[in-house]
1. Residue under question is residue 269, and the condition is that it be part of a loop (DSSP other than H, G, I, E, B), aliphatic (A, V, I, L, M) and touching a helix residue (DSSP H, G or I) at 6+ places or on another chain (Cβ under 8 Å); does it hold?
2. Among the residues in region 266-288, are any out of contact with any Ser or Thr (no Cβ under 6 Å at 6 or more places or on another chain), in contact (Cβ under 8 Å) with a residue 40 or more places away in the chain, closer than 21 Å to residue 192 by Cβ and β-branched (Val, Ile, Thr)?
3. Could you please tell me which pairs satisfy a Cβ distance under 7 Å, a separation of 6+ or placement on different chains, a first residue in region 45-72 that is without any contact (Cβ under 8 Å) to a residue 12 or more places away in the chain, and a second residue that is surrounded by fewer than 16 Cβ atoms within 10 Å (Cβ to Cβ)?
4. Against the conditions (1) in contact (Cβ under 8 Å) with a residue 24 or more places away in the chain; (2) surrounded by fewer than 20 Cβ atoms within 10 Å (Cβ to Cβ); (3) closer than 23 Å to residue 208 by Cβ, where does residue 8 fall short? Just the number, please.
5. Quick check on my filter: what residues within region 102-126 are among the β-branched types (Val, Ile, Thr) and more than 18 Å from residue 169 (Cβ to Cβ)?
6. So if I check each of 159, 175, which one is at pLDDT below 90, out of contact with any Asp or Glu (no Cβ under 7 Å at 6 or more places or on another chain) and either outside the structural domain of residue 30 (by TED's automatic domain parsing) or surrounded by fewer than 17 Cβ atoms within 10 Å (Cβ to Cβ) (or both)?
7. Restricting to region 196-228, give me the number of residues that are surrounded by fewer than 14 Cβ atoms within 10 Å (Cβ to Cβ) and outside any loop (DSSP other than H, G, I, E, B).
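The values are calculated or read from the model by the stated rules, or taken from the named source; none is laboratory data. Note that the structure is predicted; figures quoted are calculated from it, not measured. No Cβ is skipped: glycine too gets one built from the backbone with ideal geometry, and neighbour counts run over all protein chains shown.
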Amino acid sequence: MQWTSRQTAMAEQGYIASDDLAMAVHLALALGRPLLLEGAAGVGKTEIARVLAAICETQLIRLQCYEGLDAAQAIYEWNYQRQLLTIRAAAEDGETGCSVEQRIFSEEFLLERPLLKAIRQPEPPVLLIDEIDRADEEFEAYLLEVLSEFQISIPELGTLTATSRPMVILTANGTRDLSDALRRRCLYAHVEYPDRETELAILKARCPEVEAALAGQIIGFVQSLRKEDLEKKPGIAEMLDFSAAVMGLGIADLTLDPALLQASLATLLKTETDRGNISTEIAQRLAGQAA
């Protein structure tokens with residue numbers, strides 16, 4: 001598949017990718033390399049993994065990263081409760097020693113977490129490692145081993161090699177700097193907020209029923225709002241929610257009903273400070289500029 005065909009396939013799933021992003025996705029899949037996507041929250045990084053899973057008709061496996069994430073949550077752990085019950089049952093039957101230990105540390109008692117699950121699928125899944133910059137550097141170092149060899153060592157079972165190599169998408173919001181070692185193992189793309197033409201195309205793809213004039217107002221309003229001093233700028237998902245709210249409220253022109261427009265900002269502004277900073281007067285000014 002050519003990169004332009006990949007771009008078209010993504011568009012058919014409602015994701016309008018820039019040429020640079022479509023090429024990065026194509027190369028990552030063609031070369032079998034992880035793809036690191038950086039950019040502000042809300043620009044559509046996570047959505048790329050969902051779209052790829054839909055295009056490839058495969059499973060999406062997601063690992064949500066956070067501070068303190070360790071191997072037990074990300075890779076595997078043992079079903080301790082079942083192990084304990086088995087030990088007690090074996091003891092009641094007079095069974096002890098190596099046979100019990102071998103039984104409780106077998107595949108039957110292994111709980112697969114996202115990383116182990118991803119490398120053991122019969123068909124290559126899409127593995128989304130979301131917000132990798134929220135995880136600790138220690139976990140990032142362990143992840144490097146998994147991404148370089150696509151195998152996981154379990155002391156009780158040995159080394160488990162990938163049944164199939166997953167398509168790996170990593171996202172980062174800039175919470176902390178990522179290591180050079182991780183960046184070397186990945187292809188890279190920076191995802192920006194879309195320009196006016198691209199965001200209009202996204203809106204038309206997701207909400208084809210919206211009138212052209214109103215669509216232009218919505219995109220103009222949201223893009224102007226992002227230029228204000230906000231704690232959390234509205235992303236593409238918020239723009240789509242705003243569009244649905246505007247149509248649901250029967251708003252045909254953003255400038256006609258200040259009260260309804262202000263109420264609809266619940267879809268765009270997600271902190272008390274931002275709601276307080278965007279007064280009715282400011283919203284009307286932005287709507288007027290978008291008209």
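1. On the way: part of a loop (DSSP other than H, G, I, E, B): yes; aliphatic (A, V, I, L, M): yes; touching a helix residue (DSSP H, G or I) at 6+ places or on another chain (Cβ under 8 Å): yes.
It is true that residue 269 is part of a loop (DSSP other than H, G, I, E, B), aliphatic (A, V, I, L, M) and touching a helix residue (DSSP H, G or I) at 6+ places or on another chain (Cβ under 8 Å).
2. So far as region 266-288 goes, no, none of its residues is out of contact with any Ser or Thr (no Cβ under 6 Å at 6 or more places or on another chain), in contact (Cβ under 8 Å) with a residue 40 or more places away in the chain, closer than 21 Å to residue 192 by Cβ and β-branched (Val, Ile, Thr).
3. As it stands, the answer is none, since no pair meets every condition given.
4. (1)
5. Taking region 102-126 first, the residues among the β-branched types (Val, Ile, Thr) are 104, 119, 126.
Within region 102-126, 104 is the sole residue that qualifies.
6. 159
7. The number of residues fulfilling the criteria is 4.
Rundown of residues vs (1) of a type in the set (D, E, K, R); (2) more than 28 Å from residue 173 (Cβ to Cβ); (3) in contact with a strand residue (DSSP E or B) (Cβ under 6 Å, 6 or more places away or on another chain), yes/no style:
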residue	(1), (2), (3)
2	no, yes, no
15	no, no, no
55	no, no, no
59	no, no, no
70	yes, no, no
77	yes, no, yes
89	no, yes, no
